[in-house]
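This report refers to the structure that appears directly beneath it.
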Amino acid sequence: MTLTLLAEEAPKGILFFAPEMFWDFILIASLFVLVFWMIQRARAGLPIPQIRRIAGLEAIDEALGRATEMGKPIHFSPGMSTFGSEMYAGLAVLSYVAKMAAQYDTKMIVTTRRPQIHPVAAEIVKQAYLEAGRPDAYNPDDIRFVSEWQFSYTAAVMGIFQREQPAANLMIGYWMAEALVLAEAGAQAGCIQIGANTNIFQIHFFIVTCDYTLIGEELFAASAYLSKDPMLTGTVVAQDIVKMAVGILVVIGTILATVTGSAQGLIDFLSL
Amino acid sequence: MRRQLPLLLVAITAFFVMAMKFFNFGEVGAAAIQEADIWIQVTYEFAFLLGAINFTRLHYGNVARKRPKWVYSVVALIAMVLTCIITLVDGVNGEIAMFLYENVAVRIDGAIYALLGFYVCSAAYRSFKLKNLEAGILLVSAVLLMLAQAPIGDAIFPGISKVGEWILNVPNSAGMRGIRLGAGIGAYAASIRVILGLERSWTGSGS
């Protein structure tokens, strides 16, 4: 469906650069160049800036430790989206959590909303148990495709909270209207909760309900932060450089609008 | 190869979509996009079958082993099988299928959604405790906004609706846009990590 929409909005003509995509192209090309630069630095052993401490990611170990001590399971969900940047970030965290759970011999329940995510999540968890040397402890019934319907999924996960009483609930991905319902149900079940979301209309629900929240871009830094891989960390640095460039443009626009009364010139330039 | 193939497929697909977005390949490009869309639909249907198998195996196991609350699994299995049969016999838009959809599925969905109203109250009760500076700011902003939105607010404190409007339009919008900006650029960077094969944990092999 997305691709069909893409086809409809494709510019007419023969093999020319789509002018309305100029700044998007510049942004992505800059990111590619910066990422390659950072990869080269990492390969050459040159210093890469560290990622600041992210409390929500530090708390994953605490959540797993708590579940292990209590002898209760943990619940993990990579969110409601299909394959996309948020889902890949969620699956990266799943990989880390599954390895920890396998090492601690803690039961891990993974619920997915999208059927295409289920086999990927199952493979990640299975591999984690293999790497931990405990393939016998892997239970495919703990990796559950629940329902594609948003609130059927929500109801089913609420049921899991009530019946199986997990000690920790990790909701790492993209969340919509079910965010508060699930987080509140988890809080009522006594879970230590770590939430991550990029949906600005739902983040505040996680902030007030979860013990720790990854806000926006923190989700995308998770895999680099957890793996401590210099190449992945380099990509986060590249992302921050672009963010600073965009921030400078925002400041210039603000100054222009304040001093001259309009930043239309800058807006027109960026709307090329 | 088992790990490399998915990475290769993702990279090829991503560069294909980017090329289609940034360049115009005329009718050939449009046809290629539509063909790729069909492929996505087909793989999606196969994935759905895997999901249905997992769902059936899990709930059948619950019933067969008489796990706690196994009765709910019976209900889930009956609902799935009945819906499949009715939809196959009656058609997706058939009278019985539509009746079940509109009077059972949509109603239950609405009921779960309605829980939001209650959970907002319980979440607010728990979070609006003055435990630190951030919670204090949240509490003060929330009280101001609630008063600003209610007709009684202006009656008690004239002009409070303007304060509420300012909170919504200035600090709130600034914060939201900042998060959106960071998340947007972060999403680009995360996608590049996946396209370049730097992020491999989703293949089960770790980064």
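The values are calculated or read from the model by the stated rules, or taken from the named source; none is laboratory data. Please read all numbers here as calculations on a predicted model, not as lab measurements. Please note: Cβ atoms are built from the backbone with ideal geometry, for glycine as well, and neighbour counts cover all protein chains shown.
Taking the stated definitions as given, is residue B:151 more than 12 Å from chain A (Cβ to nearest Cβ) and under 20 Å from residue A:198 (Cα atoms)?
So residue B:151 does not fit the description; no.
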Just need a number here: residues in the stretch B:169-206 that are within 20 Å of the chain's Cα centre (by Cα) and more than 8 Å from chain A (Cβ to nearest Cβ). 1
Pick from the stretch B:1-20, criterion crowded, with 17+ Cβ neighbours inside 10 Å and within 10 Å of chain A (Cβ to nearest Cβ), ranking: farthest from the chain's Cα centre (by Cα): B:20
Contact list please: Cβ distance under 8 Å, first residue in the stretch B:23-39 and at the interface with chain A (Cβ under 7 Å from one of its Cβ atoms), second residue part of a helix (DSSP H, G or I) and modelled with pLDDT of 80 or more, pairs at least six apart or on different chains. B:23/B:29; B:25/B:19; B:25/B:32; B:29/B:20; B:33/B:20; B:36/B:13; B:36/B:16
Does residue A:253 meet the test of being surrounded by 15 or more Cβ atoms within 10 Å (Cβ to Cβ), over 25 Å from residue A:47 (Cα atoms) and within 11 Å of chain B (Cβ to nearest Cβ)? no
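For the stretch A:119-235, which helices (runs of 4 or more DSSP H) that fit wholly inside it have 1 or more residues that are touching a Ser or Thr at 6+ places or on another chain (Cβ under 9 Å), more than 29 Å from residue A:43 (Cβ to Cβ) and more than 8 Å from chain B (Cβ to nearest Cβ)? Walk me through it before giving the result.
Details: elements: A:150-164, A:178-188, A:203-209, A:218-227.
Output list reads A:150-164, A:178-188, A:203-209.
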If residue B:163 satisfies all but one of (1) outside any helix (DSSP H, G or I); (2) aliphatic (A, V, I, L, M); (3) modelled with pLDDT of 90 or more, what's the number of the condition it fails? (1)
Which of the residues belonging to the stretch B:117-136 are more than 10 Å from chain A (Cβ to nearest Cβ) and either surrounded by 14 or more Cβ atoms within 10 Å (Cβ to Cβ) or aliphatic (A, V, I, L, M) (or both)? B:130, B:133
Here is a list of conditions, (1) of a type in the set (S, T, N, Q); (2) assigned to a helix (DSSP H, G or I); (3) under 30 Å from residue A:148 (Cα atoms), and residue B:169 meets all of them except one; can you say which number that is? (3)
Taking the condition in a loop (DSSP other than H, G, I, E, B), in contact with a helix residue (DSSP H, G or I) (Cβ under 9 Å, 6 or more places away or on another chain) and of a type in the set (D, E, K, R), does residue A:72 pass? yes
Pick from B:100, B:139, B:130: which is more than 20 Å from residue A:179 (Cβ to Cβ) and at pLDDT 90 or above? B:100
Give me the pairs: first residue in the stretch A:53-75 and under 19 Å from residue A:203 (Cα atoms), second residue at pLDDT below 95 and in a loop (DSSP other than H, G, I, E, B), beta-carbon distance under 8 Å, and six or more apart or on different chains, which are they? A:59/A:211
Can you tell me which residue among B:93, B:103 is without any contact (Cβ under 8 Å) to a residue 12 or more places away in the chain and not in a helix (DSSP H, G or I)? B:93
Residue identified as at pLDDT 90 or above and at the interface with chain B (Cβ under 10 Å from one of its Cβ atoms) among A:96, A:104: A:96
Just for the stretch A:53-73: of the residues that are β-branched (Val, Ile, Thr) and closer than 22 Å to residue A:208 by Cβ, which one is surrounded by the most Cβ atoms within 10 Å (Cβ to Cβ)? A:60
Looking only at the stretch A:40-49, which residues are surrounded by fewer than 12 Cβ atoms within 10 Å (Cβ to Cβ) and closer than 10 Å to residue A:237 by Cβ? A:49
Candidates B:20, B:80, filtered to the one that is part of a helix (DSSP H, G or I) and either under 27 Å from residue B:187 (Cα atoms) or in contact (Cβ under 8 Å) with a residue 40 or more places away in the chain (or both): B:20
(1) without any contact (Cβ under 8 Å) to a residue 24 or more places away in the chain; (2) over 17 Å from residue B:123 (Cα atoms): which one isn't true of residue A:153, the others all being true? (1)
Determine, yes or no, whether residue A:206 is loosely packed, with under 14 Cβ neighbours inside 10 Å and of a type outside the set (D, E, K, R). no
Among (1) more than 9 Å from chain A (Cβ to nearest Cβ); (2) more than 20 Å from residue A:113 (Cβ to Cβ), the one test that residue B:69 misses: (1)
Got a sec? Which of B:29, B:61 is of a type in the set (Gly, Ala, Ser), over 26 Å from the mean Cα position of the chain (by Cα) and closer than 18 Å to residue A:164 by Cβ? B:61
